[in-house]
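Below is one structure; the comments refer to it alone.
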Amino acid sequence: MKRTDNTTLQPPDRKGRNLVEAIGQRLRNAIATGELKPGDKLASESGLTGQYQVSRTVIREAIASLRADGLVEVRHGVGVFVLAPDAGPQKAFRGLDIHRVSSIIEMLEVRAAIEIEAAGLAASRSSPAQQEHIFECLDIMKRQIAAGSPTVESDRAFHMAIAVSTNNPRFRDLLESIGQQMIPRSLLQENDAEMSPEYLSQIQSEHAHIAQAIADGNDSAARETMRTHLRGSQLRYRAMMRRG
């Protein structure tokens, strides 16, 4: 099987770019161009770390992003393998038209149906370690906002951590099927109002209320804070749609 160890890709320019997104994009390009084919095994974590001259954490997050988008699968104890086109679970969401706000609203409604209940179950079932991970994701996003860094991956990681904390793997699978586009601002231009520090701080505050409700074991409050968070997103995009 082909490996990426001998790939001709060069380390990405670090200036002004998020390393996770840059590495993820390089790997996506290799898959799209056929340099990496279905069934190919990616280089080991240490191999990719040396190849791209980044930390193991960056490699892990980039691989997690590809996995969420159905491009690779992780076989524990074996390695990471490229999936065949349309083999990933997110095929149902590939019809999303990123140029139509109405499509984004549809996706947010589906997320609400999944994540409101997930928040309640996480409050009832999550372990202390899982709760700690939720707060770690919250802290990462807080630091990224303060630094003016991209927050799409940390935002998605926060919601995925809640899905995992239900201790029902189907919630995680459903969110993974949506992929990176589950965070709508990943589809917007960088100068959009949705990228403003004020907007991101509001999102961070909503996340904090959700995390606290889960940590308190208050399932009804967890559901309500998640409902408020996702409903707020729907209302913001509906207002955007009316503005044209």
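Remarks
- Exactly one residue out of Ile140, Ile145, Ile162 is part of a helix (DSSP H, G or I) and open to solvent by less than 20 Å² (accessible area, probe 1.4 Å): that is Ile162.
- Test: residue in the range 226-236 that is closer than 25 Å to Leu121 by Cβ, open to solvent by 40 Å² or more (accessible area, probe 1.4 Å) and either modelled with pLDDT of 95 or more or small (Gly, Ala, Ser) (or both): yes
- Answer from Ala32, Ala87, Ala62, Ala22 - the residue that is modelled with pLDDT under 90 and open to solvent by 80 Å² or more (accessible area, probe 1.4 Å): Ala32
- Positions within the range 25-72 being small (Gly, Ala, Ser), over 20 Å from the mean Cα position of the chain (by Cα) and part of a loop (DSSP other than H, G, I, E, B), in sequence order: Gly34, Gly39, Ala43, Ser44
- On the stretch given as the range 195-207, residues that are in contact (Cβ under 8 Å) with a residue 40 or more places away in the chain and open to solvent by 40 Å² or more (accessible area, probe 1.4 Å) total 2.
- Test: Gly179 is surrounded by 16 or more Cβ atoms within 10 Å (Cβ to Cβ) and at positive phi: yes
- Of the set (1) touching a Gly at 6+ places or on another chain (Cβ under 8 Å); (2) closer than 18 Å to Asp69 by Cβ; (3) of a type in the set (A, V, I, L, M); (4) at pLDDT below 85, all apply to Met1 but (2).
The values are calculated or read from the model by the stated rules, or taken from the named source; none is laboratory data. No experiment lies behind these values; they were computed from the predicted model shown. As a convention, Cβ positions derive from the backbone with ideal geometry for all residues, glycine included, and neighbour counts pool all protein chains shown. Side chains are part of the model used for accessible areas, which takes the heavy atoms of the whole protein and leaves out ligands, DNA and RNA. Shrake-Rupley method; radii C 1.70, N 1.55, O 1.52, S 1.80 Å.
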